[in-house]
Each structure stands twice: as C-alpha cells, then as structure tokens.
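Student: Below are the structure tokens for one structure; questions will follow.
The values are calculated or read from the model by the stated rules, or taken from the named source; none is laboratory data. Only a predicted model underlies this, so the values are computations on that prediction, with no experimental measurement involved. Neighbour counts run over all protein chains shown; Cβ positions are idealised from the backbone, glycine included. Accessible surface is based on the protein model in full, side chains and every heavy atom, while ligands, DNA and RNA are left aside. Shrake-Rupley method; radii C 1.70, N 1.55, O 1.52, S 1.80 Å.
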Amino acid sequence: MGIGLADLAGLLNMGPPMYAWFQQTEAVVGFAPQKPNAMRPIILRHWAPSGPLAYVFARTSSLERVEVRNPAHDHREEWPKCWLHDDGNIVASRPLPVLKDALDPTHRLCSEDDQATIDAVRAARWQTK
C-alpha cells in the first residue's frame, strides 16, 4: 500500500507521524465519557493539513470483540513513557475526532512498531460521514 498525503504530514513537519500513540483523558477523547479523568491510549489515523481536528482510534484492553489486535509494546528504552505493555484492541470501527492541540509531545507515548497494526489502521475508515 502506498503512502498517502496524510501519511506525509509527519514527514513534512505538518503534524505528528501517522500511527503515533498518544494518551489523553476520556473527556478529550470521548470513547468512554462516563470516566472523564481516565487516560485512554489513542493512535493517530488522520491529520489534515488544515483545520483543527485530527482523527484517532482508541485502544482498549478488552479483547472480547477484537477489531485490530495490537500486541504489547516492548520498546520502553526508546519510548520511556509508553505504558502499553499488555495486548490490546484498537477500535477501528469508531473514528474519534480530537483537537490537534491534544496531540502534543507531552501526551505522546510512542510510535507503532507492529506492521500488521499499521496496515490495519491505515486500511480503516477514518471519516465520520
């Protein structure tokens, strides 16, 4: 699969690299709004060159209905803030719009290393309409 314009955003310093992981509160992400202060890992799917929104997918530890299995991350030396040490599930059927400002270096966890995960997230539909 080729690189799209959105994939180039990170390479051109127009935003973080695609498939980067961030952590943000549920109040910001909106995946489980009943827990507004809980931290949620999210993977960047689309960063438009203009506009205030980016699209992400949430990662959950629930493996009951797996959409995109994401293996545990084992790159703590390279990414000390990454806490994704258990297998997880990326909910690729539910794109979430977040403000680009919420995806800053302070909230960055790591970059995805698993090629199967990258391919599945790349193939997932990110548009909400």
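Student: Which residues, counting only those in the stretch 61-83, are at pLDDT 95 or above and closer than 17 Å to residue 26 by Cα?
Tutor: 83
Student: Restricting to the stretch 39-74, give me the number of residues that are aliphatic (A, V, I, L, M), in contact (Cβ under 8 Å) with a residue 40 or more places away in the chain and over 12 Å from residue 96 (Cβ atoms). Spell out the reasoning first.
Tutor: Taking the stretch 39-74 and keeping what is aliphatic (A, V, I, L, M), we get 39, 42-44, 48, 53-54, 56, 58, 63, 66, 68, 72.
Going one step further and asking which of them are in contact (Cβ under 8 Å) with a residue 40 or more places away in the chain, we end up with 42-44, 48, 53-54, 56, 68.
Pick out the ones that are also over 12 Å from residue 96 (Cβ atoms) and you get 48, 68.
So the count comes out to 2.
Student: Inside the stretch 51-110, counting only strands (runs of 3 or more DSSP E) that do not spill past its ends, which hold 2 or more residues that are open to solvent by less than 50 Å² (accessible area, probe 1.4 Å) and within 10 Å of residue 21 (Cβ to Cβ)? Walk me through it before giving the result.
Tutor: Numbers: elements: 53-60, 68-70, 88-90, 96-99.
Where strands (runs of 3 or more DSSP E) fall fully within the stretch 51-110 and carry at least 2 residues being open to solvent by less than 50 Å² (accessible area, probe 1.4 Å) and within 10 Å of residue 21 (Cβ to Cβ), they are 53-60.
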